[in-house]
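Worksheet for the structure shown next.
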């Protein structure tokens, strides 16, 4: 019973709500009809009551409302004209993304001056230019394809000449096969860039557009501005280099004239820019030329020839070979070479020298030993006391023994007013040796003496101021400096 009563109440409520909704719906339809007819009447009676306004958005951000869309276009042209005066020759466009939504209204509520002033501060001008892409990134922008091609040309001409480039391009464009290299001919075979470089269309702010010269600086150095460092008290090259993440060698390289021995002055400026070129060009040349083959110098021992004697049995003569090689250059400097092909045209003739090995006690070897038991040179050969000193003096030896400097035969012994007790040995090879101021002599004329044998005792006889050995070497009748032949 309760359930039935409750159901009845709910049904009554629903019926009441439905009736109210019907009334509201009828009223809305009525009002709409009135509105349509009213609007129609207004439009018919006077179209001057309806106006169009323009809502301006910048990158989806609402800026404001203006009364005339033409004013926005005038503002754009004004900004472009202003930029064109500063960046002559660049194709310019408005960079800001602007959108305009028109709306019809009965009353105009706009503030053109405020909105256009706001837009003027928001508008950006961009140049439609060429981006220089190196590998996957845009390194910089240039004005147009003409400037891009000029950059490529100047970059290439840092390594090759204009004539080489012209000839290379002509060969590349020709359908004829490339002829083989001629003798003594060198030609450009290829040009290689250290990274992939290409042009791509793009837009950027006008001040970011680089001239050809600026582009070259960027490509070669990786920067347009070189950093400077002023020397301070206590600075040394190694410390400065380490502080700027480079080696001392690199620091000296980018500062010509600076070496390890340079005295740094306080306040002196050094370039500390670690240059990292964006790209480098390497030119490969093929070269074909006749090159010499060096002959070897050989020796042959001959027991029939006296030791110390040499004679050329066969003169040397260079050979010839045809060499084709690859030459690698960067910035006009050779950085490497490799042989591609080699063909011998004429074998070299090696030089052969006979070296004597025959030794006899009466003939010298041509090699002179120290004639005393140690000691030092107390007087050299040359002018002394108004006369020429024809040999050397040896003083303060360990013992007073005097030795034959080389194999030979004694040709003269005895006393001499100047030399005192002296010995002369002929070595039978154009050399003679003289030993003077001896206190005693142990050999006689005609005696054969081997090198190193004792021939006398050091003394101070003749014109002498103290105990020493006066030693001379005579070659083909003329005195020579003993120090030039003593071993």
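General observations
- Selection within segment 397-428 - in contact (Cβ under 8 Å) with a residue 60 or more places away in the chain and under 60 Å from the mean Cα position of the chain (by Cα): 397, 405
- Which numbered condition residue 383 fails, given (1) assigned to a loop (DSSP other than H, G, I, E, B); (2) farther than 17 Å from residue 468 by Cβ; (3) in the same structural domain as residue 456 (by TED's automatic domain parsing): (1)
- Taken together, 279, 231 contain a single residue that is surrounded by 12 or more Cβ atoms within 10 Å (Cβ to Cβ), in contact (Cβ under 8 Å) with a residue 12 or more places away in the chain, closer than 29 Å to residue 338 by Cα and touching a helix residue (DSSP H, G or I) at 6+ places or on another chain (Cβ under 9 Å), which is 279.
- Only one of the listed residues (151, 160) is buried (at least 17 other Cβ atoms within 10 Å of the Cβ), at negative phi and assigned to a loop (DSSP other than H, G, I, E, B). That residue is 160.
- Here 259, 249 are screened, and the one residue that is touching a helix residue (DSSP H, G or I) at 6+ places or on another chain (Cβ under 8 Å), modelled with pLDDT under 95 and surrounded by fewer than 16 Cβ atoms within 10 Å (Cβ to Cβ) is 259.
- Every residue from segment 166-182 that is touching a residue at least 24 places away in the same chain (Cβ under 8 Å) and either within 32 Å of the chain's Cα centre (by Cα) or farther than 14 Å from residue 322 by Cβ (or both): 181
- Residue check for residue 346: surrounded by 13 or more Cβ atoms within 10 Å (Cβ to Cβ), over 40 Å from the mean Cα position of the chain (by Cα) and not assigned by TED's automatic domain parsing to the domain that holds residue 392: no
- Contact map, segment 324-341: residues that are without any contact (Cβ under 8 Å) to a residue 40 or more places away in the chain paired with residues that are surrounded by 11 or more Cβ atoms within 10 Å (Cβ to Cβ) and outside any strand (DSSP E or B), Cβ distance under 9 Å, separation 6+ or inter-chain. Pairs shown: 333/159.
The values are calculated or read from the model by the stated rules, or taken from the named source; none is laboratory data. As the structure is a prediction and not an experimental result, all values here were calculated from the model. Because the Cβ atoms are built from the backbone with ideal geometry, glycine has one as well, and the counts that use them run over all protein chains shown.
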